[in-house]
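Okay, structure first, notes after.
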Amino acid sequence: SRLSYADYSVFRDGVSPMWEDPECAKGGRWIVAVDRFMRRDARSEGQEEALDESWLNVVLSLIGGAAYHDEIRGEDLPVCGGVCSVRKYNCKIALWVGTSEEGLLLKAGKQFRKSLKPLIDYMTNLDNNTSSEEENSRRQHNS
């Protein structure tokens, strides 16, 4: 990762990255945690680059604002900001939301999830079984 051990944050103008801030006090946060020392294999290779790319996506979506706009209501979702905490053994990316209204939380969470695409991978059970079968086949041939 190009990110050094620190907390990085991007918040709306006038909003402090503290839960005591009136804009944040009634809300919560969506969090994704990443183990920096995951077992290295084909699936986890590039995990740290994915962290950097995901954080960049979150920052750009916060700056641009369009990702967190509710088209139906014609207003912005109550997103306060985002935080990336980089530590030696794990990292977290969080989206701070200033509401507890379930519908708005879910909309913000879905947009947050899109920003995290480099970190989130979907694998079908068929893919999982195929990988295991291929791995077992290689082991048998190499023995």
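Just so you know, all these numbers are worked out from the coordinates, no wet-lab data involved. This one's a predicted model, so the numbers in the text were calculated from it and none came from an experiment. Neighbour counts run over all protein chains shown; Cβ positions are idealised from the backbone, glycine included.
Quick notes on this structure:
- Charge context of residue 83, other residues only, Cβ under 9 angstrom, K/R +1, D/E -1: +1
- Candidate lysines - alpha carbon under 25 Å from residue 110, same-chain residues fewer than 8 apart omitted: 26, 92
- Taking amide H as placed 1.01 Å from N in the peptide plane, the amide H of residue 97 sits under 5 Å from that of 28, 29, 30, 80, each at least 5 places away or on another chain.
- Residue 90 long-range amide H proximity, modeled H, under 5 Å: 36
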